[in-house]
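Worksheet: one structure, shown below.
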Amino acid sequence: MRPPKPDLTAGHQPDGDAPDGPMGIVVEAFGLGRWSYDLVTQHLELHSPTFDARNIARRFSLANDVQSPRRTKLRGWLEECGVGSTVTEDFALPGNPVRVRILCTERDGTTLRGLMQDCSSEVSNAEGDLRFRMALKGAAHGIALVGLDGGWLQVNDAICDMLQYSEEELLKLTFQDITHPDDLETDLDFLHECIEGRRNTYQMEKRYLRRDGEVIWGHLAVAILRTDTGEPLYFVSQIQDITAQKRTAAELVAARDAAKHASAAKDSFLASMSHEIRTPMTGVMGMLDMLEQSGVSGDQLSLISTARTSAEMLLSIINDVLDMAKLEAGRVEIAKKDFYAETLLRNVCDMMAARTQVKGLAFNAVLPLSTRVWLKGDPDRISQILFNLIGNAVKFTDTGEVSLAAETRSTDSGLDLILHVRDTGRGIPADKIGLIFKEFEQANDEDAQRMDGTGLGLAIVSRLVDAMGGQIDVGSEPGRGSVFSVRLPLVQGHAPAEAPPPMREEPEASVAGEAGPLTVLVVEDNAVNRKVIGSVLSIAGIEPAYAFDGAQALDAVKDRTFDIVFMDVMMPVMDGLTATREMRRLGYKGPILGLTANAMAHHREACFEAGMDAHIAKPFRPVDIFAALEKHGGKRAPV
């Protein structure tokens with residue numbers, strides 16, 4: 001009667017029992033001989049220490065048509081036999097015929113291979129059985145004969161040691177008794193397929209229940225032996241203890257999961273710190289803007305300017321740390337957007353020229369005709385590379401000039417954008433060039449003490465260039481300056497349909513149209529930030545309504561029509577993402593503009609997925625708010 005089938009979870013690998021594989025150990029342990037037959041040459045070769053001792057020939061030719069009936073029959077069997085087929089053959093010696101049982105275990109193209117056993121006499125069988133038992137006992141892996149009902153017929157010491165049963169105890173059990181319930185069904189399925197003749201071997205990983213109750217893992221390789229007529233006799237099983245390997249694999253998975261958890265925790269920490277720092281920075285920079293526009297002059301204006309410079313430097317450090325964290329986590333995606341190369345380069349030059357002038361340096365840019373081309377790549381990241389390289393050049397140059405030279409070159413796969421940033425600064429010693437692209441490294445300790453910054457700028461550049469498949473090189477001479485050369489492989493881009501020639505956008509009309517000022521709802525839990533954005537909106541002639549969390553925002557849009565909603569993302573009671581989803585569910589169609597100190601890419605994506613129309617990162621500038629009003633102010637949509 002077949003045992004009931006429990007649920008299955010174990011993996012398996014059916015078949016794969018060539019004599020040189022798992023069954024090779026069985027052959028050696030059982031003292032069996034091997035044979036091979038070439039269907040083309042019709043040569044039969046026998047390999048057996050027993051046959052060698054009895055001077056039986058190793059090689060027979062069955063090619064001759066003049067053969068004995070038994071040889072003719074053997075040749076016919078070899079030509080037709082399949083894996084698992086058996087036949088008994090006599091090899092005659094004067095007065096001492098040798099009877100051999102032949103088992104086919106492999107049929108590979110024109111080559112057959114298998115096992116054989118001398119069964120010519122009771123004495124020979126007894127001697128073979130003794131050798132078998134001795135080999136079985138001494139085998140390093142567990143080897144056993146198992147009956148068709150699952151009972152153990154013979155076991156070696158390795159199996160007993162593995163399962164912690166004595167031989168006597170184990171022979172009273174079946175393999176079903178010590179198989180983990182979750183693995184039993186697969187094992188029984190394969191066993192019955194062997195008995196029914198649908199397969200001759202199988203392999204699987206399964207769990208065994210040790211005598212002390214412990215669960216161990218074993219790799220099981222099974223082959224079935226049959227009679228001449230194909231009737232199944234018993235199973236030959238080889239079991240290898242793989243508990244240690246399984247434990248190691250589990251530890252590796254746990255270590256991988258722990259690393260992922262640590263990475264996620266780091267991301268969460270950085271996002272939290274970004275939010276906690278950017279939120280008060282919004283108030284600091286916003287109030288400085290308001291103070292600067294309040295009519296102060298002289299020393300007071302100079303103090304405000306110094307405070308703003310310090311605030312912007314702190315914000316730059318925050319941005320560098322976040323960028324480095326994203327690059328290390330592999331979370332920076334390189335965009336594929338069309339952009340006009342000359343426009344990008346000129347915008348960077350315009351912004352960086354002001355920094356060189358403040359320091360009394362000359363700034364030169366060489367932008368040949370080859371830069372007047374549309375490219376496809378990531379313009380934001382390319383701008384970031386240039387800002388960092390030029391900013392680094394300005395930082396370490398006290399007199400002279402900083403220059404940018406750019407060009408594009410055709411390649412087999414597209415266009416290379418070539419950038420050269422030169423300076424007349426102090427230069428970099430040859431033994432220090434390898435350090436400058438490492439995090440928190442500067443060319444010497446004096447620089448680190450004297451210069452502002454995190455030491456992350458060039459490390460970020462190097463990683464961004466690598467992410468774009470580019471190359472960066474450095475040439476420098478101490479006392480005479482440095483040149484940083486970047487090659488970025490891009491492809492030809494396309495101008496937008498019906499787009500005018502690239503130029504700076506003209507400001508749009510005032511946000512206060514014929515219908516009067518926009519109605520604006522500001523959802524912000526921080527009082528200072530409410531005051532900042534309220535002051536900015538008042539400049540545009542807008543008197544906003546306020547909500548202190550997402551729940552109040554929902555009540556507000558139910559009672560009143562708003563043209564625009566500025567929505568903070570992280571708030572108590574109900575956060576901005578949840579509030580946005582609810583407002584969209586309730587039918588609010590107007591623009592919702594996210595205000596968030598979480599500036600990482602996936603945070604922006606979360607805002608858009610929730611239903612927001614824009615993402616404004618804190619700390620924002622008045623120009624950011626004005627730009628948002630100009631872009632979305634025409635979308636007057638009632639609740």
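Quick note: the coordinates plus some simple rules give every number you see, no bench work behind them. All values reported here derive from a predicted model rather than from experimental measurement. As a convention, Cβ positions derive from the backbone with ideal geometry for all residues, glycine included, and neighbour counts pool all protein chains shown.
Between ILE195 and THR110, what FRET efficiency comes out of the Förster formula 1/(1 + (r/R0)^6) with R0 = 30 Å and r the beta carbon distance, rounded to 0.05? The partial results should precede the final answer.
Numbers: r = 31 Å, r/R0 = 1.02.
Rounded to the nearest 0.05, the efficiency is 0.45.
By definition, a body whose alpha carbon gyration tensor gives a ≥ b ≥ c is oblate when a/c is 1.5 or more and a/b is not larger than b/c, and region 514-569 fits this oblate description.
What the phi angles of region 206-215 give under the Karplus curve with 6.51, -1.76 and 1.60, with θ = phi - 60°, is a coupling list of 8, 9, 10, 9, 6, 4, 7, x, 5, 9 Hz, glycine and proline written as x. Compute the Cα gyration tensor for region 340-424, then decide on rounded, prolate or oblate, letting a ≥ b ≥ c be the square roots of its eigenvalues: rounded whenever a/c is under 1.5, prolate when a/b is larger than b/c in the other cases, and oblate in all that remain. Judged from the Cα gyration tensor, region 340-424 comes out prolate (a/c at least 1.5, a/b above b/c).
Report D for region 166-267 in µm² per second (integer): Stokes-Einstein, Kirkwood Rh on Cα pairs, 4 °C, 1.567 mPa s.
Numbers: Rh = 16.2 Å.
Roughly 80 µm²/s, to the nearest whole number.
Tell me, in nm to one decimal, what length is gained between ILE433 and ASP350 on full extension, where the rule is 0.36 nm per residue of separation less the Cα-Cα distance? Don't skip to the end; give the middle numbers.
Values: separation 83, 0.36 × 83 = 29.88 nm, distance 2.90 nm.
Difference between extended and current length: 27.0 nm.
Annotation for region 566-619: trypsin sites (Lys or Arg not before Pro) lying in DSSP loop with at most 14 further Cβ atoms inside 10 Å of their Cβ are LYS589. Is the shape of region 344-394 rounded, prolate or oblate, going by the alpha carbon gyration tensor and its root eigenvalues a ≥ b ≥ c, with a/c under 1.5 for rounded and a/b larger than b/c for prolate? Oblate, since a/c reaches 1.5 and b/c is not below a/b. Where the centroid of each part is defined by its Cα atoms, how far is region 190-218 from region 533-548 in Å? First find each Cα centre; the distance between them is then 74 Å. Between the alpha-carbon centres of region 329-387 and region 463-477 there is a gap of 15 Å. Computed 3J(HN,Hα) for region 190-198, one whole-Hz value per residue from the Karplus formula 6.51 cos²θ - 1.76 cosθ + 1.60 where θ = phi - 60°, is 5, 4, 5, 5, 5, 4, 7, x, 7, glycine and proline marked x. The stretch between ARG247 and GLU292 holds 9.6 nm of extra length on full extension. This uses 0.36 nm per residue minus the Cα-Cα distance. Proximity of backbone amide H atoms, modeled 1.01 Å from N, is registered between ASN364 and VAL402, SER403, LEU404 at under 5 Å, excluding neighbours fewer than 5 places apart on the same chain.
So which trypsin sites (Lys or Arg not before Pro) in region 161-267 pass both tests, a DSSP loop state and at most 16 other Cβ atoms within 10 Å of the Cβ?
Details: sites: LYS172, ARG198, ARG199, LYS206, ARG207, ARG210, ARG211, ARG226, LYS246, ARG247, ARG256, LYS260, LYS266; in loops: LYS172, ARG198, ARG199, ARG210, ARG211.
Here the sparse-neighbourhood loop sites are LYS172, ARG198, ARG210, ARG211.
With a Förster radius of 35 Å applied to the C-beta separation of THR399 and GLU333, the computed FRET efficiency comes to 0.30.
The stretch between ALA262 and ARG585 holds 112.7 nm of extra length on full extension. This uses 0.36 nm per residue minus the Cα-Cα distance.
Modelled this way, with points 7 Å down the Cα-to-C-beta line, the labels at GLU167 and MET574 are 7.8 nm from one another.
Which entries of LYS337/LYS589; LYS260/LYS438; LYS266/LYS531; LYS336/LYS589; LYS376/LYS438 have Cα-Cα distances beyond 26 Å here?
LYS337/LYS589; LYS266/LYS531; LYS336/LYS589; LYS376/LYS438
Computed from the C-beta positions of GLN176 and ARG621 and an R0 of 56 Å, the FRET efficiency is 0.15 to the nearest 0.05. Each of the peptides 545-554, 622-631, 563-572 was scored by the mean count of other Cβ atoms within 10 Å over its residues; in descending order, highest first, they stand as 563-572, 545-554, 622-631.
Here the Karplus relation 6.51 cos²θ - 1.76 cosθ + 1.60, evaluated at θ = phi - 60°, turns the backbone of region 150-160 into coupling constants of x, x, 6, 9, 9, 9, 9, 5, 4, 5, 4 Hz, with x for every Gly and Pro.
To the nearest 20 Debye, how big is the dipole of region 171-313 about its Cα centre, given +1 on the beta carbon of each Lys and Arg and -1 on that of each Asp and Glu?
280 debye
Percent of C-alpha pairs per 5 Å bin in region 374-415, short distances first: 5, 16, 21, 22, 15, 11, 6, 3, 0.
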